[in-house]
DNA sequence: TTGCTTTGTCAGTTGACGCTAACGTTAGTC
DNA sequence: GACTAACGTTAGCGTCAACTGACAAAGCAA
């Protein structure tokens, strides 16, 4: 339970960085080497290497070694936590049942105190 | 175009914080006052107020004033950028068409330079 | 072995972020 | 007006994260 949560936590933190999202898009369909990925950005290879480490530890990319090269590819399963959160938010926010209960409450009490404690 | 991107950027950064995700879940179905939200956590009301500001500026919550109280509710449309990114990743990573193109390229060119710039 | 390539790792700096405490503001009440 | 309740805002502090530059490791070729 707490393992999944921390995994989702890592994924969210990893995706907060725009450059890491860009990297992820880059390796979404193609498997690329660290150097090739670094060549697509204006920062040092060091920075990209660190980003790749973060992405790997967050379960968002796979690493495969071939000679001196390390090939990376996106790992869609790593986004499961994200999707779960999104779906939960959507269903909770748009659920018709809840909206009706709410409207009912507003009818009984003219709209002053939601009183949710 | 760049407006949407920065909006998505703000959303991702806002959701990177676990407490903000918790707040968002809290106001997903119910409209709550700032104080009620703060009561659900162990940090100061100040901290919660700042979190709510971040969420509001990221377009993830709506603010409605009623007397001295400020009522917050999740704004599902704010998650559009997230959903878009997720869907893009999923389709790109699992798209069979791309996989075939990739295999074809591997046949023509023995696998040295993906050339992504 | 020597040398070149590809990549990760290790200090160290800088900027951003989350938190608290004190203060300011707005709305309602006596 | 005076007082209280509900919030937001500011200043300051500690911590984390992204970046650079220098160095180390691992694979391969001459």
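The values are calculated or read from the model by the stated rules, or taken from the named source; none is laboratory data. Model, not experiment: these values are computed from the prediction. Using ideal geometry, Cβ is built from the backbone for each residue, glycine included, and neighbour counts are taken over all protein chains shown.
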Checklist entry - For region A:81-95, does any single residue satisfy the condition of being on the phi < 0 side of the Ramachandran plot, within 16 Å of DNA strand C (Cβ to nearest atom) and more than 9 Å from every other protein chain (Cβ to nearest Cβ)? => result no
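From the list B:71, B:55, pick out the single residue that is in contact with a strand residue (DSSP E or B) (Cβ under 7 Å, 6 or more places away or on another chain), part of a strand (DSSP E or B), modelled with pLDDT of 95 or more and within 14 Å of DNA strand D (Cβ to nearest atom). Steps first, please.
Numbers: B:55 fails: part of a strand (DSSP E or B).
Sole residue among the options that is in contact with a strand residue (DSSP E or B) (Cβ under 7 Å, 6 or more places away or on another chain), part of a strand (DSSP E or B), modelled with pLDDT of 95 or more and within 14 Å of DNA strand D (Cβ to nearest atom): B:71.
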Item to check | region B:37-52, residues that are part of a helix (DSSP H, G or I) and within 9 Å of DNA strand C (Cβ to nearest atom) | outcome: B:45, B:46, B:47, B:48, B:49, B:50, B:51
Checklist entry - Taking region A:26-36 on its own, how many of its residues are facing chain B (nearest Cβ under 7 Å) and in a helix (DSSP H, G or I)? => result 2
Checklist outcome for this item: Within region B:8-18, the residues that are more than 7 Å from every other protein chain (Cβ to nearest Cβ) and touching a helix residue (DSSP H, G or I) at 6+ places or on another chain (Cβ under 6 Å) are B:8, B:11, B:14
Next on the checklist: Residues that are under 21 Å from residue A:16 (Cβ atoms) and surrounded by 19 or more Cβ atoms within 10 Å (Cβ to Cβ): does region B:44-51 have at least one?
Outcome noted: yes
Checklist entry - On the given criteria, is residue B:36 surrounded by 17 or more Cβ atoms within 10 Å (Cβ to Cβ) and within 7 Å of DNA strand D (Cβ to nearest atom)? => result yes
Item to check | Every residue from region A:52-79 that is touching a residue at least 40 places away in the same chain (Cβ under 8 Å), surrounded by 13 or more Cβ atoms within 10 Å (Cβ to Cβ) and under 23 Å from residue A:3 (Cβ atoms) | outcome: A:54, A:55, A:58, A:59, A:60, A:74, A:78, A:79
